[in-house]
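The values are calculated or read from the model by the stated rules, or taken from the named source; none is laboratory data. Bear in mind the structure is a predicted one, so any value in this text is a computation, not a measurement. Heads up, the Cβs are rebuilt from the backbone with ideal geometry, glycines too, and the neighbour counts pull from every protein chain shown.
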Amino acid sequence: MNRMRNLFIGFFATFISSWLGLVVAPHLQFGGLKEHLDEDENQYLPPARTGLAERGARVYAANGCVYCHTQQVRPAHQGSDLARGWGARRTVARDYIHDRPHFLGTMRTGPDLANIGHRQNNEGWHHKHLYAPQSVSKGSIMPPFRYLYKTQRIVGAPSADALQLEGPDAPQPGFEIVPTEDAKALVAYLISLNRNYPLPEAPVD
Amino acid sequence: MTDNTHSIPAGAPPMPPASDAAERAAIDQSCRRPVLFFFGSALFWLLAGTFFAIVTSIKLHDPEFMNRAPLPDAVRFQTGEFLRANPISMQDVGFLTFGRFRAAHLNSVAYGWATSAAIGVGVWLMARLCRVPLRRPSLVTAAGVLWNIGIAIGIAAILAGQSTSVEWLEFPPYAALILGTAYAIIAIWAVDMFASRKPGHVYVTLWYVLAAFFWFPWLYASANILILLKPVQGSVQAIVNWWFGHNVLGLWFTPIGIGAAYYMIPKVIGRPIHSYYLSAIGFWSLALFYSWNGGHHLIGGPLPAWVITASIVASVMMVIPVVVTAINHHMTTRGHFHMLRYSPTLRFVVFGAMCYTLVSLQGSSMAIRSLNEITHFTHYTIGHAHFGLYAFFTMIMFGCMYYIVPRLCGCEWRSAYLIRLHFWTAAYGIAAMVAALTIGGLVQGLMLADPAKDFLGEILAITKPYLVGRSLSGVLLSIGHVVFAYHFALMVLQLGRREGGPVYFNPVEGEARP
Ligand code: HEM
Ligand code: HEM
């Protein structure tokens with residue numbers, strides 16, 4: 001019986017050390033960060049997300065964008081993230097306080113998206129790219145997300161948000177391709193991704 | 001080792017007394033249902049996961065592959081055309097998209113295949129090493145049924161678009177709850193089993209298996225609660241995520257894999273483990289250092305430096321348990337390497353054990369900042385992942401199944417040819433996959449590090465052939481999986497061989513029974 005107790009104490013002790021170190025301590029140290037009030041701009045940073053963008057984050061999760069795209073910018077001495085223009089500064093813990101769940105990612109089959117809203121804020125471009133990635137990025141291996149769009153008959157005037165597609169991607173005459181609510185939310189989310197604001201712990205120079 | 005006549009008995013153990021053999025047979029019989037159930041369902045998920053894998057892999061070099069399914073066509077209905085033409089047409093659907101298939105792949109192989117196989121092997125090892133017949137076998141089977149229901153629901157949820165997108169925790173909370181319950185039953189059962197063991201020496205395998213059964217439920221519950229049910233802040237979620245992710249590998253798969261190797265190698269060879277002392281050092285240093293490794297998945301990420309540095313130090317310290325275990329296994333096998341020519345179990349297990357050493361040393365190097373900077377976000381990591389979970393863990397599980405299944409079914413494997421085919425497709429397949437991803441990943445990483453290299457035109461284009469290479473190697477692996485599943489089905493259907501001894505790769509002289 002003694003032997004059993006000693007074994008279990010050992011299992012428990014080694015394990016709890018890492019639980020305290022990698023779960024509890026980080027939570028105590030930076031699990032309660034607050035938004036920072038930028039006095040010059042009179043704005044809270046990071047800005048809260050709109051309802052539509054928040055719904056877009058669910059679409060991002062449901063379709064596994066995270067397996068090809070990271071959302072983290074490493075500091076200057078780690079990789080070429082800054083040099084590639086993926087951000088104006090490294091990202092820090094406070095940048096993620098609104099994220100549930102986090103989308104840091106581990107794979108860059110595609111470019112980092114931490115600041116995609118800064119690089120590309122044209123809704124039309126995003127829709128076209130999501131519908132047919134190769135139509136704007138020749139040679140891309142990003143999967144097409146055509147199922148987030150619907151094809152419908154043009155009744156009266158064409159819809160304002162119909163996609164401008166050419167060639168094989170274009171719909172039959174008399175029809176148009178429009179984004180579903182999910183696609184609109186996703187694009188609102190992508191455009192909201194902009195972590196280039198200055199924070200006290202991460203100034204932009 | 002050229003002569004085929006070299007027979008096994010060199011240094012073979014004295015035949016154990018008949019009562020021991022009878023006791024073992026009784027223990028094996030008591031495991032029959034639950035363990036075969038776990039093995040059978042593991043192989044089902046291996047096949048499902050392999051299907052997801054191949055499709056996922058092809059989609060990465062051919063994004064138009066398999067995006068459509070036949071459905072009623074809304075456009076044809078709108079035009080009235082459906083009266084004349086077929087109302088069904090091929091349409092884009094969400095459940096076939098890369099992101100969902102990839103999550104389905106990971107979860108079917110990690111929880112469906114690897115974990116079910118690990119539970120099966122772990123349960124059998126517990127019974128053998130506690131030297132008592134399995135207690136409450138129907139409880140174990142019931143936990144197995146529950147476990148499979150949880151996985152089926154989870155995979156369906158992922159395909160339907162309800163993935164959480166948290167790596168290694170994609171199952172939505174309702175599925176995770178079922179899995180957690182099933183696992184908790186196994187864990188409580190394991191403690192009960194251990195408490196009722198026959199007195200005597202506690203063999204090192206038993207430490208590993210028991211510890212793994214004890215650690216996993218705790219990990220799984222903490223991570224699900226802190227990330228999904230009552231989420232902590234974003235960056236803390238990330239470290240909890242990888243504390244979990246790495247510990248699934250290090251404190252669940254690895255101890256079962258090494259524990260099984262510690263059992264099978266001496267058993268097949270018929271001599272005791274080289275050093276008890278080394279195995280104790282190996283175990284406790286693994287428990288201490290591995291559990292701290294999680295932060296090495298977030299190097300350069302938005303976390304304070306101390307978290308990352310602590311994990312890097314622990315990752316490098318992992319060299320200690322790895323080298324100690326390697327020495328111990330090597331010294332045990334020394335002088336008996338010729339037996340790899342005969343015993344399927346030994347060949348798979350020794351292959352796995354050697355890959356454990358290699359993949360772990362690779363892992364320690366990947367945790368060092370200067371290498372990680374290059375390889376972090378690339379196919380190199382995926383290569384390492386398959387090196388670990390396939391070449392090490394999966395191969396050991398295959399080896400154990402070759403040993404255990406005949407003892408549960410009461411018949412022998414039908415064909416040395418099928419086993420040989422399985423071994424070589426697996427060994428060449430995984431070697432090719434790891435090579436393609438490692439080289440492709442290095443090329444990708446070095447180019448990413450140079451901001452002058454264009455992402456789309458240069459980097460994607462140059463890595464594509466390596467991704468095709470992975471798909472091809474995946475075909476080899478799939479052949480092996482189908483062959484093994486077929487062979488296993490024959491055993492379960494009692495169609496194995498009834499006369500003659502166990503199956504060897506090559507003819508053996510003498511009486512010995514590896
Ligand atoms: C037929 C053989 C297999 C093929 C073709 C294959 C292919 C793939 C592919 C394409 C990915 C996605 C990589 C990416 O997102 O870039 C992947 C990920 C993964 N696979 Fe497999 N796989 C196979 C078998 C297995 C098996 C049997 C296991 C486990 C026992 C496994 C474990 C994993 C893991 C853990 C990941 C996630 C890797 C990471 O996130 O770093 N795979 N696999
Ligand atoms: C001393 C032992 C080991 C160390 C120090 C180690 C280190 C690492 C590091 C640094 C990464 C992260 C790569 C990155 O994202 O940049 C990684 C990923 C991974 N390792 Fe290991 N490794 C070890 C052993 C193993 C073993 C034995 C297995 C298999 C059972 C394994 C399976 C994996 C998997 C599946 C991933 C990918 C996780 C993901 O991104 O989904 N590793 N390892």
Hey, B:V140 touching a Phe, Trp or Tyr at 6+ places or on another chain (Cβ under 9 Å), within 16 Å of ligand 2 (Cβ to nearest atom), closer than 16 Å to B:S30 by Cα and outside any loop (DSSP other than H, G, I, E, B) or not: no
Pick from B:G112, B:G99, B:G144: which is surrounded by 23 or more Cβ atoms within 10 Å (Cβ to Cβ), over 30 Å from A:C65 (Cβ atoms) and at pLDDT 95 or above? B:G144
Screening A:Y147, A:Y96 for residues that are within 7 Å of another protein chain (Cβ to nearest Cβ), more than 23 Å from A:P203 (Cα to Cα) and buried (at least 19 other Cβ atoms within 10 Å of the Cβ) leaves only A:Y147
All-but-one check, B:G474 against (1) buried (at least 19 other Cβ atoms within 10 Å of the Cβ); (2) closer than 18 Å to B:M401 by Cβ, failing number (2)
Inter-residue pairs, beta-carbon under 7 Å, first of a type in the set (K, R) and in the range B:458-483, second assigned to a helix (DSSP H, G or I) and more than 16 Å from ligand 2 (Cβ to nearest atom), 6+ apart: B:K464/B:H61; B:R470/B:A436
Can you confirm whether the range B:257-269 contains a residue that is within 14 Å of ligand 1 (Cβ to nearest atom), within 19 Å of B:S360 (Cβ to Cβ) and modelled with pLDDT of 95 or more? yes
Qualifying position, being assigned to a helix (DSSP H, G or I) and either within 11 Å of another protein chain (Cβ to nearest Cβ) or of a type in the set (D, E, K, R) (or both), among B:W207, B:W189, B:W168: B:W207
Reported set for the range B:267-317 where residues are touching a residue at least 60 places away in the same chain (Cβ under 8 Å), within 24 Å of A:L82 (Cβ to Cβ) and outside any helix (DSSP H, G or I) is B:L298, B:I299, B:G300, B:G301, B:P302, B:L303
A careful count of residues in the range B:35-68 that are in a helix (DSSP H, G or I) and within 14 Å of another protein chain (Cβ to nearest Cβ) gives 9
List pairs: first residue in the range B:337-361 and under 21 Å from B:L389 (Cβ atoms), second residue assigned to a helix (DSSP H, G or I) and of a type in the set (G, A, S) anywhere in the structure, Cβ distance under 6 angstrom, at least six positions apart or on different chains. B:T345/B:G399; B:F348/B:G399; B:V349/B:A261; B:V349/B:G399; B:A353/B:A261; B:C355/B:A391; B:T357/B:A326; B:V359/B:G388
Looking only at residues that are surrounded by 13 or more Cβ atoms within 10 Å (Cβ to Cβ) and either on the phi > 0 side of the Ramachandran plot or not β-branched (V, I, T) (or both) in the range A:165-179, which one is nearest to the other protein chains (Cβ to nearest Cβ)? A:F175
Looking at (1) crowded, with 23+ Cβ neighbours inside 10 Å; (2) within 14 Å of chain A (Cβ to nearest Cβ), find the lone condition where B:G94 falls short. (1)
Which condition does B:Y277 not pass, out of (1) surrounded by fewer than 24 Cβ atoms within 10 Å (Cβ to Cβ); (2) over 19 Å from the mean Cα position of the chain (by Cα); (3) within 16 Å of ligand 1 (Cβ to nearest atom), if it passes all the others? (3)
Single residue of B:S315, B:S343 found to be in contact with a His (Cβ under 9 Å, 6 or more places away or on another chain), crowded, with 20+ Cβ neighbours inside 10 Å and of a type in the set (S, T, Y): B:S315
Selection from the range A:1-48 of residues that are surrounded by fewer than 11 Cβ atoms within 10 Å (Cβ to Cβ) and within 7 Å of chain B (Cβ to nearest Cβ): A:R3
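Matching residues to (1) assigned to a helix (DSSP H, G or I); (2) within 12 Å of chain A (Cβ to nearest Cβ); (3) more than 30 Å from B:D73 (Cβ to Cβ); (4) in contact (Cβ under 8 Å) with a residue 40 or more places away in the chain:
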| residue | (1), (2), (3), (4) |
| --- | --- |
| B:M90 | no, yes, no, no |
| B:A103 | yes, yes, no, yes |
| B:S108 | yes, no, yes, yes |
| B:G112 | yes, no, yes, yes |
| B:T115 | yes, no, yes, yes |
| B:G120 | yes, no, yes, yes |
| B:V123 | yes, no, yes, yes |
Within the range A:111-143, restricting attention to residues that are more than 7 Å from every other protein chain (Cβ to nearest Cβ) and under 12 Å from the mean Cα position of the chain (by Cα), which residue is farthest from B:G295 (Cα to Cα)? A:G117
Any chance the range B:149-157 includes a residue that's within 14 Å of chain A (Cβ to nearest Cβ) and either at pLDDT below 95 or under 14 Å from B:L46 (Cα atoms) (or both)? yes
Check A:G156, A:G110 and return the single one that is touching a Cys at 6+ places or on another chain (Cβ under 6 Å) and part of a loop (DSSP other than H, G, I, E, B). A:G110
Given (1) on the phi > 0 side of the Ramachandran plot; (2) within 16 Å of ligand 2 (Cβ to nearest atom), B:G441 misses just (1)
Picking from B:W189, B:W215, B:W242, B:W284, which residue would you name as being aromatic (F, W, Y) and in contact with a His (Cβ under 6 Å, 6 or more places away or on another chain)? B:W242
State whether one or more residues within the range B:338-359 are more than 14 Å from chain A (Cβ to nearest Cβ), touching a Ser or Thr at 6+ places or on another chain (Cβ under 8 Å), under 28 Å from B:T463 (Cβ atoms) and more than 16 Å from ligand 1 (Cβ to nearest atom). no
Tell me yes or no: at least one residue of the range B:328-341 is assigned to a loop (DSSP other than H, G, I, E, B) and out of contact with any Lys or Arg (no Cβ under 8 Å at 6 or more places or on another chain). yes
Which residue is farthest from A:L82 (Cα to Cα), if the candidates are limited to the range B:441-479 and must be assigned to a helix (DSSP H, G or I), among the charged types (D, E, K, R) and within 12 Å of chain A (Cβ to nearest Cβ)? B:K464
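Here's the yes/no breakdown for (1) of a type in the set (K, R); (2) out of contact with any Pro (no Cβ under 8 Å at 6 or more places or on another chain); (3) farther than 30 Å from B:P72 by Cβ:
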site: A:H129; (1), (2), (3): no, yes, no
site: A:S137; (1), (2), (3): no, yes, yes
site: A:Y147; (1), (2), (3): no, yes, no
site: A:T151; (1), (2), (3): no, no, no
site: A:A160; (1), (2), (3): no, yes, no
site: A:L165; (1), (2), (3): no, no, no
site: A:Y189; (1), (2), (3): no, yes, yes
All but one of (1) at the interface with another protein chain (Cβ under 9 Å from one of its Cβ atoms); (2) more than 16 Å from ligand 2 (Cβ to nearest atom); (3) part of a helix (DSSP H, G or I) hold for A:V66, so report the exception by its number. (2)
Please verify whether B:I396 is without any contact (Cβ under 8 Å) to a residue 60 or more places away in the chain, among the aliphatic types (A, V, I, L, M), within 16 Å of ligand 1 (Cβ to nearest atom) and within 29 Å of B:V35 (Cα to Cα), treating the condition exactly as stated. no
